[in-house]
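Contents: one structure, followed by commentary.
The values are calculated or read from the model by the stated rules, or taken from the named source; none is laboratory data. Keep in mind it's a predicted model, so treat the numbers as computed, not measured. Cβ atoms come from the backbone with ideal geometry, glycine included; neighbour counts cover every protein chain shown.
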Amino acid sequence: MARYELQRNLLKSNFIEFKKIKTDKMKGIQKPPIVKPYDPNSTIIELPSVSDEAVKHASIFDCIRDRRSTRFYSQDSLSLSELSYLLWATQGITATNKAGLTLRTVPCSGATHSFETYLFIQRVEGLQEGIYRYLPVEHKLLFMFELSEMDQKIDEITLEQPFVPNFAKKAAVVFAWSTTPYRSEWKYDISAHKKILIDVGHVCQNLYLASESVGAGACAIGIYDQKLIDEILELDGEEEFVLYLAAVGKKRN
């Protein structure tokens, strides 16, 4: 069991050790930006305002009951309104408190929100195929670049899936959540990393339930080529790197 020790310790509370540490926040070091900056000359896509019009199954009971990891998708596209709703449901900002902390549709330790949402978009009405990033403050999409043979790149990234091989490349959209750990480390130091893992679970569960509510299906992906996806998304792999993926598409009858 010695080979498991380090990873198991990550799952445990280290509150006693944490209390002895003077965090960067306590030292008065400037707080990191709450979102990743971008070039204002970038191509920005307006997203439809979020409303319940995109929702086809409004019962939260039904959505929880019917939610499954969906690996078979139709060729139907998501609408831009549906994508707008899914982005809002997973990282949307609903308020900002007096301290300037963003309050979102998902819980997060100390409102540190270390995640950025990248999208491999293949079939969304009104959008060209390509790589995008969600801008939660503005509730807009930033177009990053086209990616040739995207389905094949997704296949390479997601490696050998154990249940349904090659399913991710058939999705309408693949969500890729990166983390910038220092947003949490600034406040929580050595306790940050467990919190980040817990918080990204909240994000993906909201995607599952929101997808179910619009008649789509989601499937979380934890097996992926770390180096390849970080390189494709132009992440440094240290200060920011992909943590979790999920494929989304309209369900196949």
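Could you grab me the full set of residues in the stretch 223-253 that are in a strand (DSSP E or B) and surrounded by fewer than 17 Cβ atoms within 10 Å (Cβ to Cβ)?
Scanning the stretch 223-253 gives a single hit, LYS251.
State which residue is farthest from the chain's Cα centre (by Cα) when the search covers only the stretch 96-126 and only residues that are under 17 Å from PRO136 (Cα atoms) and of a type in the set (S, T, N, Q).
Going through the qualifying residues, I end up with ASN97.
Does the stretch 242-253 hold any residues that are modelled with pLDDT of 95 or more and either of a type in the set (Gly, Ala, Ser) or out of contact with any strand residue (DSSP E or B) (no Cβ under 6 Å at 6 or more places or on another chain) (or both), and which are they?
Of everything in the stretch 242-253, those that are modelled with pLDDT of 95 or more and either of a type in the set (Gly, Ala, Ser) or out of contact with any strand residue (DSSP E or B) (no Cβ under 6 Å at 6 or more places or on another chain) (or both) turn out to be ALA246, ALA247, GLY249.
Of the residues in the stretch 158-182, how many are surrounded by 24 or more Cβ atoms within 10 Å (Cβ to Cβ) and assigned to a helix (DSSP H, G or I)?
Going through the stretch 158-182 one residue at a time, the tally reaches 1.
Is at least one residue of the stretch 72-84 under 29 Å from GLY110 (Cα atoms), of a type in the set (Ser, Thr, Tyr) and under 24 Å from the mean Cα position of the chain (by Cα)?
yes
Restricting attention to the stretch 148-157, which residues are part of a loop (DSSP other than H, G, I, E, B) and surrounded by 15 or more Cβ atoms within 10 Å (Cβ to Cβ)?
Across the stretch 148-157, there are no qualifying residues.
Please count how many residues of the stretch 49-86 are touching a Pro at 6+ places or on another chain (Cβ under 8 Å) and of a type outside the set (S, T, N, Q).
Final tally of qualifying residues: 1.
Out of all the residues in the stretch 5-40, which are of a type in the set (Gly, Ala, Ser) and in contact (Cβ under 8 Å) with a residue 40 or more places away in the chain?
SER13
Any chance you could count how many residues in the stretch 197-222 are in a helix (DSSP H, G or I) and over 17 Å from PHE72 (Cβ atoms)?
14
I'm trying to understand the selection: among the residues of the stretch 114-124, which are in a loop (DSSP other than H, G, I, E, B) and surrounded by fewer than 24 Cβ atoms within 10 Å (Cβ to Cβ)?
GLN122, ARG123
Can you tell me which of PHE145, PHE120 is without any contact (Cβ under 8 Å) to a residue 24 or more places away in the chain and within 24 Å of GLU46 (Cα to Cα)?
PHE145
Only strands (runs of 3 or more DSSP E) wholly contained in the stretch 26-113 count here; list those with 1 or more residues that are under 25 Å from GLY222 (Cβ atoms).
Those strands (runs of 3 or more DSSP E) span 102-104.
Run down ASP76, ASP62, ASP52 and say which single residue is in contact with a Lys or Arg (Cβ under 8 Å, 6 or more places away or on another chain) and charged (D, E, K, R).
ASP76
In the stretch 148-175, what residues are β-branched (Val, Ile, Thr) and touching a residue at least 40 places away in the same chain (Cβ under 8 Å)?
ILE157, THR158, VAL164, VAL173, VAL174
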